[in-house]
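The values are calculated or read from the model by the stated rules, or taken from the named source; none is laboratory data. Just so it is clear, the structure is predicted and the values come from calculations on it, not from any experiment. Reconstructed Cβ throughout: ideal geometry from the backbone, glycine too, with neighbour counts over all protein chains shown.
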């Protein structure tokens with residue numbers, strides 16, 4: 001591990017919101033083994049914290065994330081196996097990081113300024129939502145250095161259409177924030193000086209929803225997306241049945257019928 005300031009800073013900018021800020025701006029927040037370990041640690045901590053309702057992934061400096069640390073990767077070429085063992089572990093760790101975002105029980109929002117390239121673009125695509133500053137750009141440029149963005153491809157191809165994903169992967173060209181929104185990679189594009197307040201407003205809106213319902217819904221969303229249509233409907237019907245039996249649904253539906261504000265269970269579980 002690198003000594004000095006923490007690779008990821010943890011902030012609490014609003015009630016129920018945890019902001020994880022990558023803190024290697026001088027290195028364009030490259031996904032070194034250190035950075036990925038720090039992100040995994042903080043994602044696990046926020047997943048276990050009942051006070052956290054929404055997570056924001058952000059970054060210090062002019063870049064959101066420039067992908068893997070190529071200097072770190074190149075240094076391992078001197079190993080007896082040419083670096084193969086290190087690279088296998090690095091890409092396994094990266095995959096585990098992306099799965100930790102997708103499987104996190106809270107919604108995760110990417111707050112993007114500057115560039116998000118290669119595995120940095122993969123982070124954005126792995127998050128549930130993304131808010132980008134007007135000057136942000138996104139790319140999977142590995143093809144330009146002889147390293148096809150195969151792992152970023154997994155997340156990218158699950159966000160944008162197949163042909164748009166292939167164009168980004170085959171050309172390595174960057175797309176601006178507005179185009180990324182059109183492609184479905186980001187949800188909102190805002191002025192740079194409004195990036196934090198607009199992202200916090202979105203996070204606060206979501207944080208006010210019943211937590212157990214969000215947890216159930218997020219897990220179901222990703223599970224059904226990998227199923228055949230008939231299996232997806234069967235699964236979703238069972239999820240809705242389970243949801244209907246939860247205290248949050250009982251309270252929410254009663255409040256709607258009675259024309260009052262719901263009082264969500266304070267334990268954050270909402271179980272029957």
Could you check, for the stretch 41-60, whether at least one of its residues is in the same structural domain as residue 148 (by TED's automatic domain parsing), closer than 21 Å to residue 153 by Cα and either touching a strand residue (DSSP E or B) at 6+ places or on another chain (Cβ under 7 Å) or crowded, with 20+ Cβ neighbours inside 10 Å (or both)? yes
Being under 15 Å from residue 176 (Cβ atoms) and at pLDDT 95 or above: is that true of residue 152 here? no
Conditions: (1) surrounded by fewer than 16 Cβ atoms within 10 Å (Cβ to Cβ); (2) assigned to a loop (DSSP other than H, G, I, E, B). Residue 63 meets all but one. Number of the miss? (1)
Closer than 19 Å to residue 20 by Cβ, crowded, with 16+ Cβ neighbours inside 10 Å and assigned by TED's automatic domain parsing to the domain that holds residue 142 - does that describe any residue in the stretch 71-92? no
For the stretch 162-181, which positions are in contact with a helix residue (DSSP H, G or I) (Cβ under 9 Å, 6 or more places away or on another chain) and either within 17 Å of residue 129 (Cα to Cα) or at pLDDT below 95 (or both)? 180
Inter-residue pairs, beta-carbon under 6 Å, first not assigned by TED's automatic domain parsing to the domain that holds residue 112 and part of a helix (DSSP H, G or I) and in the stretch 9-26, second buried (at least 16 other Cβ atoms within 10 Å of the Cβ) and at pLDDT below 95, 6+ apart: none
Of all residues in the stretch 133-190, count the ones that are in a strand (DSSP E or B) and touching a residue at least 60 places away in the same chain (Cβ under 8 Å). 1
Kindly indicate which of 242, 205 is under 27 Å from residue 110 (Cα atoms) and either in the same structural domain as residue 12 (by TED's automatic domain parsing) or assigned to a helix (DSSP H, G or I) (or both). 205
Name every residue in the stretch 119-135 that is surrounded by 24 or more Cβ atoms within 10 Å (Cβ to Cβ) and more than 13 Å from residue 183 (Cβ to Cβ), in order of residue number. 119, 120, 122, 123, 126, 127, 131
